[in-house]
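I have placed the structure first, in the form of structure tokens, so that the comments after it can refer back to it.
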Amino acid sequence: MIFRNLDLLREDPLQFLILLVMIAVALLIAITVHEFSHALAAYYFGDDTAKMQGRLSLNPLVHLDPIGTLMLLFVGFGWGKPVPVNPFRLRKEKDMALVAFAGPLSNLLFGALLFLPFRFVNSVPPEPLVYILFFSIILALFNLIPIPPLDGFNIFMGLVPDRFSDKI
């Protein structure tokens, strides 16, 4: 992210700093909403592991992985700290798919809620909200890819009949 905008740093350092702050805040919000939703869903379905570790929180600091966050800012690819979920504490075996789906769904719903008021008044949202929407949608879509350790894999495994899941 930062490397793509180094020209802006030379041309207008203040604008570069503003852009950097907007991107960092947008990423912080998108990751926090995503990880909090995993923790909330896990708690709802019977696993209090995340709650016991202080992850059932909207405090962004508990959801940030230091290396993953720096990678996001500098490279444009990174990660948040995964929410611990004990599948054996969930009420049903297929609840893990719902816990996994909670993260991407929350990002899409959060983005929609941010933009709904602007749609009704035919107004253009401010640039910081556009960044939040962008990163929320990218985070949701990327996490739906069905490969481990992404959420899409656990969603896929929840949809596969039990007789086939042992073969995957």
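If a residue has to be open to solvent by less than 40 Å² (accessible area, probe 1.4 Å) and either assigned to a loop (DSSP other than H, G, I, E, B) or touching a Gly at 6+ places or on another chain (Cβ under 7 Å) (or both) to count, how many in the stretch 145-156 make the cut?
Of the residues in that region, 2 qualify.
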Met22 versus (1) free of Cβ contacts under 8 Å to residues at least 60 places away in the same chain; (2) open to solvent by 20 Å² or more (accessible area, probe 1.4 Å); (3) in contact with an Asp or Glu (Cβ under 8 Å, 6 or more places away or on another chain): which is the lone unmet condition?
-> (1)
Since Leu159 meets every condition but one in (1) under 28 Å from Leu19 (Cβ atoms); (2) surrounded by fewer than 15 Cβ atoms within 10 Å (Cβ to Cβ), which condition does it not meet?
-> (1)
Just checking, which of Ile168, Ile132, Ile138 is open to solvent by 50 Å² or more (accessible area, probe 1.4 Å), hydrophobic (A, V, I, L, M, F, W, C) and modelled with pLDDT of 90 or more?
-> Ile138
Failed item in (1) more than 27 Å from Pro66 (Cα to Cα); (2) open to solvent by 80 Å² or more (accessible area, probe 1.4 Å); (3) among the hydrophobic types (A, V, I, L, M, F, W, C); (4) without any contact (Cβ under 8 Å) to a residue 40 or more places away in the chain, with Trp79 passing the rest | (1)
Got at least one residue in the stretch 4-18 being touching a Lys or Arg at 6+ places or on another chain (Cβ under 6 Å), surrounded by fewer than 20 Cβ atoms within 10 Å (Cβ to Cβ) and not polar (S, T, N, Q)?
-> no
So which residues in the stretch 42-76 are of a type in the set (A, V, I, L, M), farther than 14 Å from Ile31 by Cβ and open to solvent by less than 90 Å² (accessible area, probe 1.4 Å), if there are any at all?
-> Ala42, Ala50, Leu56, Val75
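The values are calculated or read from the model by the stated rules, or taken from the named source; none is laboratory data. Everything numeric here is computed off the predicted structure, so don't read it as measured data. Quick reminder, even Gly has a Cβ in these numbers, built from the backbone with ideal geometry, and neighbours come from all protein chains shown. Keep in mind that these areas ignore ligands, DNA and RNA; they rest on the heavy atoms of the full protein, side chains included. Shrake-Rupley method; radii C 1.70, N 1.55, O 1.52, S 1.80 Å.
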